[in-house]
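As structure tokens, the structure follows; a few thoughts come after it.
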Amino acid sequence: MKAHAWKVCIRQKRIAGSNPALSASSPICITSPEAGGELMNDSNQNSGLAILPPVLVTGVAGFIGFHTALRLISQGRRVVGVDNFSPYYDVQLKRDRLSYLKAEPAFRFVELNIADKLAMEKLWREEGPFVEVIHLAAQAGVRYSLINPYEYITTNCMGHLTVMEMCRHTPGFRHMVYASSSSVYGGNEKLPFSVKDDVSHPISLYAATKRSDELMSQSYSHLYNIPQTGLRFFTVYGPWGRPDMSLFIFTKAIVAGEKLPVFNHGQMKRDFTYVDDIVSGVVAALEHPPVREGRQAPHRLLNIGNTRSENLMDFIRLIEVELGRKANIEFMGMQPGDVPETFADITETTAVTGFRPTTTIAQGVPRFVAWYKDYYRVS
């Protein structure tokens, strides 16, 4: 691939967890090695380098990908998004998310499967090259991995490898941020979960594929000096969320008057993290690519969570209040591959990026329910 000179200039409002150096009055500009590799502000920008490279967001029609693309566009970035509209859940919901993005002049969409090497090479030729990648495409869900294991290997492992291969062959590549999961902690009984904890015993195939992604990224960063950051997300929720996630399932069941299955007899706790906080963590991570230090590869892992482990029954009560209806709860045993509690330690994340979550479930749940009632026309 031919090397292109590029310069990224970010002029944005401050957001929770963003680099304090970035402000509306003084943009930060980063140039490629072909353009001198400098970090510049208004006083030393080279007006001859007007190319603003787009950020590639994979899984852009997904929950987090959609919100991430919107945030980047709001900050003045161009975004190229890809998705294959996997039928894992309601494809119409994905297309409705995408319709919002397509209304943005700074957004372009290409439908493809990230595991398709030829399609990815064509994307790089026609829309790239991309020096910053936010890789969020994945086959999600712990429980579905018990039903369709092959899809997890194809998407999560082959897809991840293909994205890394494209980054590897891109001159001046700056940073790849990719989605991992708190599921990698498996049955870890030590709380809160730290990126320093042992994660060598995954208890679901989904977790195993996400841990495999982390190990592949470590090896590629070591071998090819590709800066990468893996983000272990903790139970993301919010407007436009995934129908297989607990908040969506609970709300739908309560609205329909159906039985609401609650596993482990309600003795569950989760570090519920609002999507806006997740996106702030993603963008903050993108702004801070790791660097090689001696023999240490430019690869890091960070937790992105709310740092509060909430009782599941408290979560359900908030939904009941917002809907004005009671849940018809059916208590059940623990699901295979599930864990009773999650709780994020974000010490390293805050130290590296300044990220701090700001949204409590008392704030976030009403926002989701309001969106749900509007989207599904619930009176």
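Every number here is computed from the coordinates shown, using simple stated rules; none is lab data. As the structure is a computational prediction, the values presented were derived from the model and not from experiment. We place every Cβ from the backbone using ideal geometry, glycine too, and count neighbours over all the protein chains shown.
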Contact order normalised by residue count of the chain, Cα under 8 Å, 6+ apart, percent: 17
Label selected from [x] 24.3, 70; [y] 20.5, 65; [z] 32.4, 91, the criterion being Rg and Dmax of the Cα atoms in Å as computed here: [y]
Most mobile listed residue (Gly65, Gly354, Gly324) in the chain, GNM with C-alpha springs under 10 Å: Gly324
3J(HN,Hα) from dihedral phi, the range 96-112, Karplus parametrisation 6.51/-1.76/1.60, rounded to Hz, x for glycine, proline: 5, 4, 4, 4, 5, 5, 5, 6, 8, x, 7, 10, 10, 10, 10, 8, 6
Residues whose placed amide H lies under 5 Å from that of Phe233, excluding near-sequence neighbours: Ser180, Ser181, Ser182, Ile304
Residue order, fewest to most surrounding Cβ atoms within 10 angstrom, among Asp90, Asp345, Asp197: Asp90, Asp197, Asp345
Within the range 216-375, percent of DSSP bridges classed antiparallel, to nearest 5: 20
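Placing unit charges on C-beta atoms (Lys and Arg positive, Asp and Glu negative, everything else neutral), compute the dipole magnitude of the range 244-379 about its Cα centre in debye, rounded to 20. Intermediate results must be reported in sequence, preceding the final value.
On the way: 15 positive and 17 negative charges, 39 e Å.
Magnitude of the dipole: close to 180 debye.
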Assigned charges on the beta-carbon of Lys, Arg, Asp, Glu; the chain dipole about Cα centre (debye): 520
Most fluctuating residue given options Val79, Val110, Val133, as computed from a GNM of the chain linking Cα atoms under 10 Å: Val110
Amide hydrogen neighbours beyond the local backbone of Arg78, cut-off 5 Å, H modeled: Val55
Ascending count of other beta-carbon atoms within 10 Å, so fewest first, for Phe248, Phe272: Phe248, Phe272
Order of Val369, Val236 under a 10 Å beta carbon neighbour criterion, fewest first: Val369, Val236
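Would you tally the net charge around Pro298, using a Cβ to Cβ cut-off of less than 11 Å, leaving Pro298 out, and scoring K and R as +1, D and E as -1? Spell out each step's value before the answer.
Working: positive: Arg174, Arg292, Arg300; negative: Glu293.
Local charge sum for Pro298: +2.
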Distance from the range 91-133 to the range 327-379 (C-alpha centre basis), Å: 28
Vicinal HN-Hα couplings computed from phi for the range 184-201 (Karplus, 6.51 cos²θ - 1.76 cosθ + 1.60; Hz; Gly/Pro x): 5, 6, x, x, 3, 8, 7, 10, x, 6, 10, 5, 8, 6, 5, 10, 8, 10
Burial order of peptide ranges 176-187, 305-316 (average beta-carbon count within 10 Å, highest first): 176-187, 305-316
The range 190-346 shape via C-alpha gyration tensor axes, a/c threshold 1.5: prolate
Separation of alpha-carbon centers, the range 253-285 and the range 135-182, rounded to whole Å: 23
Vicinal HN-Hα couplings computed from phi for the range 177-182 (Karplus, 6.51 cos²θ - 1.76 cosθ + 1.60; Hz; Gly/Pro x): 9, 10, 8, 9, 7, 5
Tilt relative to the chain, helix 361-375 - C-alpha long axis, 0 to 90 degrees, to 10: 90
Dipole of the chain, positive direction: furthest Cα of Gln363, Gly141, Gly159, with charges on the beta-carbon: Gln363
